[in-house]
Amino acid sequence: MYRFALYASNHGFGHATRMAALASALIDFGIYVYICTDRPLFLYKALPEGHWQYRKCRIDGGVVHGKNLKADLSATKQMLLELFSRREEIVAEETEWLRTEDIDLVIADIPYFVIEACGYAKVPVFGVSNFDWAFIYNELFHDDPDIKVLVNTIYGLYRRLDRCFVPSLGSFESVPGFRDPQFSGLLARHSNGDPKPYDKPVLSIMFGGEGDIDIDFPAICAAWDGIVLSTNTQCKALNHQRVEPDDDFLAIIRSSDLVLCKPGYSTFAEILSCGKPMLYIPRQHYPEERVLISGVSGYAFARQLDNIPQTVPEWQAVFASMAKAGESIERDNDGIVGRIFSAFMELKQPEAKTLSVFDLGSNNLNYCLWDSKSRKVLHRVWITTRLARNFSKGRIDFNDLAEDIPELKTLLMIDKEISSDKHLIATGISRKAENAEDLIDQLCSVWHLKGKIISAKDEMKYAWYAAKSRMAHARKALVFDIGGNSTELVWRPQSKAFAGVSLNIGLITLAQTPDPDALIHDALRELNDSSFDMIIGVGLTVTLLVKMTRGLRIVDILERSDLAITKQQLTILIQSLTQNKVSVAKGQDALELYTMQLAAKFILHLLDRIGASEFMVCNDGISIGYAKWKTK
């Protein structure tokens, strides 16, 4: 599992929320993320637990703001001089951390000293931003020779970036230090929460993460026929409701009928992605705002307030002139991550001949990016599809798999940006559903995949290839793969031909029976051979069992090939699950915990039948087995 470090500038909230959006898409693609900044932790609370770490650090300073969010040039100059006085200390500390944590890629938005540290640590570094600090400081201090040398240094560091990406609302003018910038669409957070329902029109007032602007809140509240939301602590109007700085502002935007704000990347991007009308009050002489305002010039539902209204009637006239609804602009988060990962692969594996394999099972989809030249896994990730749970009357209850399963669409959109030969193999429930062929044909047609529903025999073969590297000292190994709707047992006797059985039971079918132990016992009667000196479990089910029995992180499990699980560990896990001593993780439901209990029971029955006390764990599943077989 790759480890990416995301460095967000210690300025406002825009860089931090942009990195939160990027982190979310990277995590969806199976990347372990470190967030390196001093911005508040609550900005990242929507990220899934266990897939990222927050590292508090301050390695740049942006611009110091004074009253009404006006740039305080004197304070900013002092900050920069003090920051550069600690340059060697900062670079040394970041270099050591990058080496210690074995970071694979740094993405900077847009601290510059970390670029120098990456050079020493031999870590590639990409820039992602709608502006760089060379642009800002060059304009703010164009008459100050003391700062000119610092601006030149910052510019020179940006020129050392390995790749540069500019989300929309940026321009060539705003990133002078970026070499060959690649322009993209909106990079904006998704809201995990539902918008709060209101019975009156909502005006939201937000001025970003630093300071406030002097406006007449009582007059605004008097002019607005509805509810006014803001973080202001002084307004006593009856229709004003105070929100906390750590509230979900994206959910607030989604609840709003109009947003009053200052120009800021994250505010603008999130308003555009939600399709809301907005009024914005520009600051004077701040370079980024010129670029941002140009960026929203084509958005018909945005209006600039050059002169702030001073009376209630003036505010009423402004509100009456605004559109009642906007038009949402699609985020490009997944596309940006796909392009970043593709560029990372070009640097890391320039000679690779890549193969993308999607293994669509009954409950999960396992994805593998494989290098056919070196015959190595470049990347892997899985998502939950729950196809078997949506199986009824012989059909999978979906109309379009990519549109109906958002996580699948994310994966497909990211993989689309990677140059690879793309294959999809479907197993389990797809062999039973009468509409599976149509769904898979549709998926392959839209996303340009080579797809097919594979037989149980082929599934056994790919399971064996997945586990082959674990069999070095085995005379005869049994490989098992527990799926949602079927379970494959395969071995290879002296004759070299594959032998095995495909059991018509899986975790979903076991969960639907009142006596799963009896069903397992009866099914295992099909296994007539017990002369095995090694038992190997492959795929996601056994990987999750390691996590639950050994308490290891997935990121650590995937890097190990020496793991085994004993009967005693399985027995203890079953007892803990039966007694509800295992908590449900975020995003996990009770049925998923129950199916893991059933997986442990199945393996106990299997070990008893063979007379074994443990089994080896192979994290590689059918997708990797298919890739190994195809490039053998």
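The values are calculated or read from the model by the stated rules, or taken from the named source; none is laboratory data. Keep in mind that what you see is a predicted model, and the values were worked out from it rather than measured. Reconstructed Cβ throughout: ideal geometry from the backbone, glycine too, with neighbour counts over all protein chains shown.
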#### Entry: Long-range neighbours under 7 Å by Cβ, at least six apart or interchain, first residue surrounded by 11 or more Cβ atoms within 10 Å (Cβ to Cβ) within the stretch 510-531, second among the hydroxyl-bearing types (S, T, Y)
A511/Y594; A511/T595; L519/T513
## Note on the structure
Out of (1) under 11 Å from the mean Cα position of the chain (by Cα); (2) β-branched (V, I, T); (3) surrounded by fewer than 18 Cβ atoms within 10 Å (Cβ to Cβ), the one V64 does not meet is (1)
### Task
List every residue pair whose Cβ atoms lie under 6 Å apart, where the two residues are 6 or more positions apart in sequence or sit on different chains, the first residue falls within the stretch 375-401 and is touching a residue at least 12 places away in the same chain (Cβ under 8 Å) and within 25 Å of R3 (Cα to Cα), and the second residue, located anywhere, is surrounded by 13 or more Cβ atoms within 10 Å (Cβ to Cβ) and charged (D, E, K, R).
L378/D371; I383/E407
#### Entry: Within the stretch 264-281, tally of residues that are farther than 17 Å from M322 by Cβ and not polar (S, T, N, Q)
4
#### Entry: Among (1) more than 17 Å from C368 (Cβ to Cβ); (2) assigned by TED's automatic domain parsing to the domain that holds L360; (3) touching a Cys at 6+ places or on another chain (Cβ under 9 Å), the one test that A436 misses
(3)
### the stretch 370-401, residues that are assigned to a loop (DSSP other than H, G, I, E, B) and touching a strand residue (DSSP E or B) at 6+ places or on another chain (Cβ under 6 Å)
S372, T385, L387
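Select from the stretch 138-160 the residues that are buried (at least 19 other Cβ atoms within 10 Å of the Cβ), without any contact (Cβ under 8 Å) to a residue 60 or more places away in the chain and of a type outside the set (V, I, T) and list them in ascending order.
Taking the stretch 138-160 as the starting set, the residues that turn out to be buried (at least 19 other Cβ atoms within 10 Å of the Cβ) are 138, 140, 147, 150-151, 154, 157-158.
Add one more test, that the residue is without any contact (Cβ under 8 Å) to a residue 60 or more places away in the chain, and what stays is 138, 151, 154, 157-158.
Hits for the stretch 138-160 are N138, L157, Y158.
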### Message
Can you pull out every residue in the stretch 343-384 that is hydroxyl-bearing (S, T, Y), crowded, with 19+ Cβ neighbours inside 10 Å and within 21 Å of the chain's Cα centre (by Cα)?
### Response
S356, Y367
### Task
Return a yes/no flag: does the stretch 556-578 have any residue that is assigned to a helix (DSSP H, G or I) and within 25 Å of the chain's Cα centre (by Cα).
yes
### Message
Just checking, does the stretch 313-331 include any residue being outside the structural domain of L449 (by TED's automatic domain parsing), surrounded by 13 or more Cβ atoms within 10 Å (Cβ to Cβ), over 18 Å from S420 (Cβ atoms) and of a type in the set (K, R)?
### Response
yes
### From F42, F84, F13, residue being among the aromatic types (F, W, Y) and touching a Gly at 6+ places or on another chain (Cβ under 9 Å)
F13
